[in-house]
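For reference, the structure is listed below as structure tokens.
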Amino acid sequence: MELLKRRILQDGKCYPGGILKVDSFINHQMDSKLMYHVAEEFARLFADSGANKIVTIEASGIAPAIMVGYIMNLPVVFVKKKQPKTMENMLTTTVHSFTKNRDYTVCISHDFLTADDRILFIDDFLAYGNAAQGIIDLADQAGAQIAGMGFIIEKAFQHGRDILIEKGIRVESLAIIQSLENCEITITDQA
């Protein structure tokens with residue numbers, strides 16, 4: 001995804017501590033054309049995955065997940081960070097946010113994540129793999145299978161991919177950041 005890589009280098013902002021801000025085009029203000037191309041690439045990469053549902057976690061994964069769901073003609077469900085009083089049959093787990101440095105209890109209704117599901121998880125970032133591990137836990141609780149996980153941006157130096165690969169998860173990332181040392185963005189073509 002050369003378009004995505006160019007955009008990261010052009011508009012991405014690096015902050016100390018391994019933080020990459022892409023809020024001007026991915027996760028606050030969105031470039032809808034770029035997001036559509038991202039979704040097309042995920043749909044191409046996971047066309048053979050056998051997924052029957054797209055799952056994401058709020059909030060930054062929702063836009064790309066909906067676009068992927070639209071292209072693949074699959075329903076999209078998002079894991080919530082706040083437990084609604086009206087949610088029944090709830091599955092929960094704890095996820096640590098690297099960016100915000102706090103834990104969230106996240107939840108999904110078992111009505112929308114079942115043993116009949118082969119899910120494709122779509123998210124904006126893969127860093128340490130915390131959100132992804134939360135999704136794995138929820139899928140295990142529901143008896144669902146994970147068909148794959150797609151990330152718009154992976155920070156390879158934080159090794160989240162390694163944890164997921166060890167668990168036998170198929171991982172596809174569209175832009176892989178090799179380093180953010182000295183607040184310089186270095187993108188690689190391989191994980």
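The values are calculated or read from the model by the stated rules, or taken from the named source; none is laboratory data. Bear in mind that the values here come from a model prediction, so they are computed numbers and not experimental data. All Cβ positions, even for glycine, are placed from backbone atoms using ideal geometry, and neighbour counts span all protein chains on display.
Scanning the range 106-116 finds no residues that are surrounded by 16 or more Cβ atoms within 10 Å (Cβ to Cβ), in contact (Cβ under 8 Å) with a residue 60 or more places away in the chain and charged (D, E, K, R).
Which residues, taken from the range 161-189, are small (Gly, Ala, Ser), over 21 Å from Glu41 (Cα atoms) and outside any loop (DSSP other than H, G, I, E, B)? The one that is small (Gly, Ala, Ser), over 21 Å from Glu41 (Cα atoms) and outside any loop (DSSP other than H, G, I, E, B): Ser179. Glu41 falls short on exactly one of the conditions (1) surrounded by fewer than 16 Cβ atoms within 10 Å (Cβ to Cβ); (2) under 16 Å from the mean Cα position of the chain (by Cα); (3) among the acidic types (Asp, Glu), and that condition is (1). Among residues of the range 164-189 that are within 17 Å of Ile8 (Cβ to Cβ), those with a Cβ under 8 angstrom from a residue that is among the acidic types (Asp, Glu), sequence gap 6+ or separate chain, pair up as Ser173/Glu154; Leu174/Glu41; Ala175/Glu154; Ile176/Glu154; Ile176/Asp189; Ile177/Glu154. Screening the range 137-160 for residues that are assigned to a helix (DSSP H, G or I) and out of contact with any strand residue (DSSP E or B) (no Cβ under 7 Å at 6 or more places or on another chain) and picking the one that is modelled with the highest pLDDT gives Asp140.
Name the one entry in Phe78, Phe46 that is under 25 Å from Thr188 (Cβ atoms), of a type outside the set (A, V, I, L, M) and either out of contact with any Cys (no Cβ under 7 Å at 6 or more places or on another chain) or crowded, with 17+ Cβ neighbours inside 10 Å (or both). Talk me through it step by step, then tell me what you get.
On the way: Phe78 fails: under 25 Å from Thr188 (Cβ atoms).
Step by step, each of Phe78, Phe46 is checked, and only Phe46 is under 25 Å from Thr188 (Cβ atoms), of a type outside the set (A, V, I, L, M) and either out of contact with any Cys (no Cβ under 7 Å at 6 or more places or on another chain) or crowded, with 17+ Cβ neighbours inside 10 Å (or both).
Highlighted here would be strands (runs of 3 or more DSSP E) found entirely within the range 27-111 that include at least 3 residues which are farther than 22 Å from Tyr128 by Cβ, but there are none.
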